[in-house]
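Below is one structure, written out as structure tokens; the observations come after it.
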Amino acid sequence: MNNKFKFIDLFAGIGGFRIALENVGGKCVFSSEIDPHACDMYEANFGENPYCDITTLDPDNIPDFDVLCGGFPCQAFSICGKQKGFIDETRGTLFFDIIRILQKKKPKVFILENVKNLTTHDKGRTLSIMLDTLHELGYTVNYQVLNAKDFGLPQNRERIILVGNLKGVHFDFNKLKKKESKPMKYFLDVRGEFEYLNPSEYTILENKYIKEQPNSGLIFIGYRNKPIRKAGVRPNTEHLSRVHRQINRIYSSEGMHPTIASQEVNGRFFIYDKDRVRKLTLDECYRFFGFPDDFKKVGNSSKLYERIGNSVCIPVIQSVAEEVKTQLLMEGDMSNIENEDKKLDPFDFLEKVYKEASKEKDVKNLNDSQKNNIKIIVEKEQNNKGVFTAIVSSLTYKCLFPYQDVRYHKIELPNGYSGRSFDTKYVTPFLKEKRFLGAMKESGWLTRSIEQSHPFTRDFPGKINNKELKDAFLNIFEDIEENNVLAYEYLKGIFILSQIEKQKRTIEIINPITKESNMSITKIMELMNKHFYYKYSSRGASILPVIAFYSIYQCMIKHFDRFKDKTLDKLSSHTSCDKSSGETGDIVVRDKETNEIYEVLELKYEIKPNFLMVQDAYDKIKHKENVQRYYILSTKHADKEEMEKINKFIEKVYEEYGCQIIINGVFDSLKYYLRLLTDTDEFITYYTKNLQENTELNYEHKIAWNRIIKNKEE
């Protein structure tokens, strides 16, 4: 391909994508935007009005193009219980309109931009559906959260970028050209009509309290003299940024600027520059996004601030576009052909196998015994992620390096290699991207049962608890190394069954509330007890009480005066301990205005509360401002002597800190809260929805609920 490539600019805004792609040789052949003011600015700068309602756009009316790009709004997807397909699940959202265009026009590449929160939106379900939908269309997709401050701009602004292509190539974000940014003072206007604050309106911190935040580059230097809290603020905390509302914070021009939002009131923080405090000018805001100084601004200031807050950072998109052009559009630059001199890139190879597997309905080219090996691996994939990851990475390595005996998975073993390094760099990122049930956060090889200085031979001492699983695991290694069975067939077979299993485990949860059923509290407690203590074959039931209380709090936060102006955090990961996850507890209620923690619940399943547990709770909250209550609720009651010790400590904490630590039983508390609700059906509806959407629940926990409800109705 020559240097010119054609692209379309969807959700065009004021043209940030267009500037970036034109700067690397692209030609815009179509634009779409619905906001009238954005269209006026686009026309003033590019000579064409992009007004178009994408929801009614016929893709046949779009000229042919090579690259689709756009920063689309993020919307939640409906739950498609009958599993009509990923494309159907996106119907009714603006993402669906992107899919319509990709499906019809089949461009070589797409570049999409969205808020960082997309990675966790709806507990990761939104992103998962997007990736699966794009995969259905034949696209290989990779994504990464990028920060504007890493591309020469003085703004701490994180956004997710998704790049997909039909070439089967795994786009490498590591090749992006980055540029360390200078502080914002180098981007400020020398003169102009500045909105200064009177010195009596603000306070600048003492030097000992001023420091640059290591990750964001922000330097909180002072605050407007406005009330910082309604009540309960501890003395001498004015130097902490978190006790001030964002719009009252002042940041030094020696550091980065916070994310500029689309609302004028919240969009411009106060900056301290040349010994005075002021807001950013319009020109400075646009400069912080990489727009040229001669970019034409049309309309009133509030609209102009709104436009820039919704824009993309041009240098970020331009860096991505440069690599898209090099990696995905230059003919012959990224060949997938394997020869003596070049092996397939591991990402590209995995993508190739995954695509082939997605077309198959059953495993071929393996005998019944071999099929049974992979069947066992996949059936236990979700609860034995280390075993699953180790076998996938070993088979992948064997395919790419057939002369390596992959049983010798550590460098210190004779003629060994580093299976863990290979997995961490290539396999686990791929499994996470494709949302495999067995994907881990970092590497499956970190699991103690796998990380042994012993080859994967019959006498392997690693403690894989399930004997059937361990036998299947070692059978596969023996087959590929002793019996010359192709590792490729095993790998493809695992991918086939894993994708089928993933679909099977998407269970539609039955909601017993079909009308105002007025289900009694006694009946609800009976259902909860049965669900918590159902005979499960796998671990994970400990999350069920957490989901139950989260559902109760969703009700209470809406209706109770005590929770007025409070907000409920999304459920954090239940598979990692609080220390590793950074969480204060299982359920966290915050003050809407200050974002400070107000109330915390920690749920224990079949564990008696003890003094150390309470002490740990205190350690988590003692440095946090204004925590009112910390509940430790367990399905088991504490011993009498232990409780006496706990109560003395609780009294001491309350006297010194003002926070009440409350120990109680799960079922006692649940029953009490249900009595407080006007409509208990609302609780059941939330519980059903949360079971449906929780990604950490095993499918058998969902099936158990359905069986309990069916038995109740029969």
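The values are calculated or read from the model by the stated rules, or taken from the named source; none is laboratory data. Quick caveat: nothing in here was measured; it's all calculated off a predicted structure. We place every Cβ from the backbone using ideal geometry, glycine too, and count neighbours over all the protein chains shown.
Checked against (1) β-branched (Val, Ile, Thr); (2) in a strand (DSSP E or B); (3) out of contact with any strand residue (DSSP E or B) (no Cβ under 7 Å at 6 or more places or on another chain), Val141 passes all but condition (3).
For segment 18-38, a tally of residues being assigned to a helix (DSSP H, G or I), crowded, with 19+ Cβ neighbours inside 10 Å and out of contact with any Ser or Thr (no Cβ under 9 Å at 6 or more places or on another chain) returns 3. As for segment 157-172, it holds at least one residue that is buried (at least 19 other Cβ atoms within 10 Å of the Cβ), in contact with a His (Cβ under 9 Å, 6 or more places away or on another chain) and part of a loop (DSSP other than H, G, I, E, B). Scanning segment 455-502 for residues that are in a loop (DSSP other than H, G, I, E, B) and in contact with a Phe, Trp or Tyr (Cβ under 6 Å, 6 or more places away or on another chain) yields Pro455, Phe456.
Taking every residue in segment 184-209 that is closer than 12 Å to Phe270 by Cβ and pairing it with any residue that is among the aromatic types (Phe, Trp, Tyr), at least 6 positions away or on another chain, the pairs with Cβ-Cβ distances below 8 Å are Leu197/Phe270; Tyr202/Tyr223; Tyr202/Phe270; Thr203/Tyr223; Ile204/Tyr272. The set of residues from segment 652-672 being touching a residue at least 24 places away in the same chain (Cβ under 8 Å), surrounded by fewer than 18 Cβ atoms within 10 Å (Cβ to Cβ) and in a helix (DSSP H, G or I) comprises Tyr657, Phe667, Lys671.
Scanning segment 472-479 turns up at least one residue that is in the same structural domain as Leu350 (by TED's automatic domain parsing) and within 25 Å of Glu696 (Cβ to Cβ). Only one of the numbered conditions (1) over 29 Å from Gly290 (Cβ atoms); (2) modelled with pLDDT of 95 or more is not met by Ile79, and that is (2). Tell me whether segment 400-413 contains one or more residues that are among the aliphatic types (A, V, I, L, M), in the same structural domain as Glu451 (by TED's automatic domain parsing), modelled with pLDDT under 95 and within 32 Å of the chain's Cα centre (by Cα). The answer is yes, given that some residue of segment 400-413 is among the aliphatic types (A, V, I, L, M), in the same structural domain as Glu451 (by TED's automatic domain parsing), modelled with pLDDT under 95 and within 32 Å of the chain's Cα centre (by Cα). Which of (1) modelled with pLDDT under 90; (2) within 20 Å of Lys570 (Cα to Cα); (3) surrounded by fewer than 16 Cβ atoms within 10 Å (Cβ to Cβ) does Arg629 not meet, given it meets every other one? Among (1) modelled with pLDDT under 90; (2) within 20 Å of Lys570 (Cα to Cα); (3) surrounded by fewer than 16 Cβ atoms within 10 Å (Cβ to Cβ), Arg629 violates only (1).
Can you spot a residue in segment 284-296 that is at pLDDT below 90 and either closer than 29 Å to Asp66 by Cα or assigned by TED's automatic domain parsing to the domain that holds Gln155 (or both)? No: segment 284-296 contains no residue that is at pLDDT below 90 and either closer than 29 Å to Asp66 by Cα or assigned by TED's automatic domain parsing to the domain that holds Gln155 (or both). Take the residues in segment 438-457 that are closer than 22 Å to Glu379 by Cβ and modelled with pLDDT of 85 or more; name whichever of them is surrounded by the fewest Cβ atoms within 10 Å (Cβ to Cβ). Filtering segment 438-457 for residues that are closer than 22 Å to Glu379 by Cβ and modelled with pLDDT of 85 or more, the one surrounded by the fewest Cβ atoms within 10 Å (Cβ to Cβ) comes out as Ala439. Cβ separations smaller than 6 Å between residues 6+ apart or across chains give the following pairs from segment 12-35 residues that are within 16 Å of Pro107 (Cβ to Cβ) to residues that are surrounded by fewer than 21 Cβ atoms within 10 Å (Cβ to Cβ) and of a type in the set (A, V, I, L, M): Phe30/Ile62; Ser32/Ile54. Of everything in segment 39-49 that is closer than 10 Å to Ile14 by Cβ and without any contact (Cβ under 8 Å) to a residue 60 or more places away in the chain, the residue that is surrounded by the fewest Cβ atoms within 10 Å (Cβ to Cβ) is Phe46. Of the residues making up segment 380-422, those that are hydroxyl-bearing (Ser, Thr, Tyr) and either buried (at least 19 other Cβ atoms within 10 Å of the Cβ) or closer than 30 Å to Glu700 by Cβ (or both) are Thr389, Ser393, Ser394, Thr396, Tyr397, Tyr408. For segment 430-454, filtering for residues that are assigned to a helix (DSSP H, G or I) and either free of Cβ contacts under 8 Å to residues at least 12 places away in the same chain or among the β-branched types (Val, Ile, Thr) (or both) leaves 1.
Taken as a whole, the structure leaves Tyr426 outside the set of residues that are assigned to a helix (DSSP H, G or I) and either out of contact with any helix residue (DSSP H, G or I) (no Cβ under 8 Å at 6 or more places or on another chain) or surrounded by 22 or more Cβ atoms within 10 Å (Cβ to Cβ) (or both). So is Lys274 modelled with pLDDT of 85 or more and on the phi > 0 side of the Ramachandran plot or not? Yes: the conditions hold for Lys274. Please verify whether segment 687-709 includes one or more residues that are charged (D, E, K, R), under 27 Å from His559 (Cα atoms) and surrounded by fewer than 19 Cβ atoms within 10 Å (Cβ to Cβ). Yes, segment 687-709 contains at least one residue that is charged (D, E, K, R), under 27 Å from His559 (Cα atoms) and surrounded by fewer than 19 Cβ atoms within 10 Å (Cβ to Cβ).
Any chance you could count how many residues in segment 395-420 are assigned to a helix (DSSP H, G or I), within 17 Å of Leu474 (Cβ to Cβ), in contact (Cβ under 8 Å) with a residue 60 or more places away in the chain and in contact with a Phe, Trp or Tyr (Cβ under 7 Å, 6 or more places away or on another chain)? The number of residues fulfilling the criteria is 1. Pairing each residue of segment 166-182 that is within 28 Å of Phe288 (Cβ to Cβ) with any residue that is at pLDDT 85 or above and aromatic (Phe, Trp, Tyr), provided the two are 6+ apart or on different chains, yields C-beta distances under 7 Å for Lys178/Phe151; Lys179/Phe151. Within the bounds of segment 320-336, is there any residue that is modelled with pLDDT of 90 or more, basic (Lys, Arg) and either surrounded by 17 or more Cβ atoms within 10 Å (Cβ to Cβ) or not in a helix (DSSP H, G or I) (or both)? Within segment 320-336 (the criterion being modelled with pLDDT of 90 or more, basic (Lys, Arg) and either surrounded by 17 or more Cβ atoms within 10 Å (Cβ to Cβ) or not in a helix (DSSP H, G or I) (or both)), the answer is yes, since at least one residue qualifies.
Does Lys208 meet the test of being under 30 Å from Arg287 (Cα atoms) and either of a type in the set (Asp, Glu) or surrounded by fewer than 16 Cβ atoms within 10 Å (Cβ to Cβ) (or both)? Considered against the rule, which asks whether it is under 30 Å from Arg287 (Cα atoms) and either of a type in the set (Asp, Glu) or surrounded by fewer than 16 Cβ atoms within 10 Å (Cβ to Cβ) (or both), Lys208 comes out as no. The single condition among (1) in contact (Cβ under 8 Å) with a residue 24 or more places away in the chain; (2) hydroxyl-bearing (Ser, Thr, Tyr); (3) surrounded by fewer than 18 Cβ atoms within 10 Å (Cβ to Cβ) that Thr635 does not meet is (3).
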